[in-house]
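Taking it in order: structure first as structure tokens, then the write-up.
The values are calculated or read from the model by the stated rules, or taken from the named source; none is laboratory data. Values in this document were obtained by computation on a predicted structure and should not be read as measured data. In this analysis, Cβ positions are derived from the backbone assuming ideal geometry, glycine residues included, and neighbour counts consider all displayed protein chains.
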Amino acid sequence: MTHDSRQLADQLARMLQALERIERYTRELTAADFQDNEMVQDAVFRNLEILGEASTGIERDFPELAEDHPEAPLTVVQAVRRALAQGNFRADPPSAWRIARQDVPALGEQLRELLRAFASLEAFCESLPRRSHHRSRDGAELPVVHGWSTERVKTRQRKIAASLDLSVAFRDGLADGSMGPEMLVIPPGRFLMGSPEDEGGRFENEDRHEVSIAHAFALGRHAVSFAEYDRFCAATGREPPDDWGWGRGRSPVVSVSWMDALDYCAWLGAETGEDYRLPTEAEWEYACRAGTTTAFWWGTEMHPVLANFAGEHRRTLPVDTLQPNPWGLFHSHGNVWEWTGSDWAEYYDGAENTHSQGHAAQRAIRGGAWNNRPRHCRAAYRNRERPEARLNYLGFRLARSL
């Protein structure tokens, strides 16, 4: 699967997820309920905006679809654009309601039908004129961020953040004027995903291959904490997850499903007006490595002073303890497994660089946890879990599009 076909599939998957979230938010509501519920309105507005962004991106990046293949997938994309053009939905909630209840279910079914035939879509995408696999959004050559020194990766991180008019570490404001979770700018680049054949503890499904992270993105400095997730629960009226007697506050939230994590991302997006999501499996490993090539960002051997693993503490540690990696990320090895946005595939097939299309029964998780052996906490180690699972060693880390 080429970079182009992965990018198109990723945009279509973003559209599908937004459509499905809108359907879920509005399924049990009446028009009056929607009119009176500002929180649901904000969530619907944000997901309509995601639909617009994704459809605009497809029309911009794949103009050949309109000229050579008008039947798919631009029929769905253009239908989305027409629906969103019906009115200013933020200023006109009844218009948003009509779109959510009349247009979204039909558009969702069209897109699901398209993705059910993804094998033919993949072949179609492969026929498109190729753009460079190794260039960023502005056309600049992507560097191979692999085997770099700590100072070199930090310098690139600062440079990219400055080009985006951001600090390396930043927070978005919430609707009440308070600040959201701390995020770090992760620069674009190429890297070798997977492990070399001589790495200790290696599994055969860690095939080493080059992956391009074409766009800068932001990643949470640490896994989402109980304090951050509990605020979401209080705002939305949902039951907080169990802390297993380990305390809440700065402990990483656990016992949250994949859908719980997506719901938190959607709520945070509505609060901030930004595109919060889960990282893809490739984004996760790229950020975890931060330019390094070894099993752990600090070297080849696990160290208890640098990671929480193997039951050393018999529980999770606070999210901002121990030493961060060169890009400033805490606990990229051990403490809690982290949900990614990618479908699980036993062997790499391109899914690692896209968001879930809803076909797989499991989602990829990364990082290892407080109760795992060192080999399961390596940067290249891959694991999976059912999306409905809620476990005391599984949490998540935010990503945000830039």
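Tell me, which residue of the stretch 261-314 that is aromatic (Phe, Trp, Tyr) and touching a residue at least 40 places away in the same chain (Cβ under 8 Å) is nearest to Val144 (Cα to Cα)?
Selected residue: Tyr286.
Quick one: is Leu184 assigned to a loop (DSSP other than H, G, I, E, B) and within 22 Å of the chain's Cα centre (by Cα)?
No: the conditions fail for Leu184.
Can you find even one residue in the stretch 305-317 that is surrounded by 23 or more Cβ atoms within 10 Å (Cβ to Cβ) and of a type in the set (Val, Ile, Thr)?
Yes: the stretch 305-317 contains one or more residues that are surrounded by 23 or more Cβ atoms within 10 Å (Cβ to Cβ) and of a type in the set (Val, Ile, Thr).
Residues being touching a strand residue (DSSP E or B) at 6+ places or on another chain (Cβ under 8 Å) and at positive phi: count how many of those fall in the stretch 311-332.
So the answer is 3.
Suppose we filter Glu20, Glu64 for residues that are modelled with pLDDT of 70 or more and either buried (at least 21 other Cβ atoms within 10 Å of the Cβ) or not assigned by TED's automatic domain parsing to the domain that holds Ala235 (or both); which single one remains?
None of the others qualify; the one that does is Glu20.
Could you please find all residues in the stretch 166-204 being out of contact with any Gly (no Cβ under 8 Å at 6 or more places or on another chain), closer than 30 Å to Glu38 by Cβ and free of Cβ contacts under 8 Å to residues at least 60 places away in the same chain?
Matches in the stretch 166-204: Phe170, Asp176, Gly177, Ser178.
Of (1) farther than 19 Å from Ser195 by Cβ; (2) at pLDDT 95 or above; (3) more than 22 Å from the chain's Cα centre (by Cα), Arg314 satisfies all except one. Which?
For Arg314, the exception is condition (2).
Restricting attention to the stretch 333-353, and to residues there that are part of a loop (DSSP other than H, G, I, E, B) and touching a strand residue (DSSP E or B) at 6+ places or on another chain (Cβ under 9 Å), which single residue is surrounded by the fewest Cβ atoms within 10 Å (Cβ to Cβ)?
The residue in question is Glu346.
Going by what's in this entry, would Arg248 be described as in contact with a Leu (Cβ under 8 Å, 6 or more places away or on another chain), surrounded by fewer than 21 Cβ atoms within 10 Å (Cβ to Cβ) and more than 25 Å from Asp42 (Cβ to Cβ)?
no
Output the residues belonging to the stretch 253-280 that are within 20 Å of Ala345 (Cα to Cα), hydroxyl-bearing (Ser, Thr, Tyr) and surrounded by fewer than 23 Cβ atoms within 10 Å (Cβ to Cβ).
Across the stretch 253-280, the qualifying residue is only Ser257.
Do we have any residue at all in the stretch 117-124 that's of a type outside the set (D, E, K, R), surrounded by 13 or more Cβ atoms within 10 Å (Cβ to Cβ) and at pLDDT 70 or above?
So far as the stretch 117-124 goes, no, none of its residues is of a type outside the set (D, E, K, R), surrounded by 13 or more Cβ atoms within 10 Å (Cβ to Cβ) and at pLDDT 70 or above.
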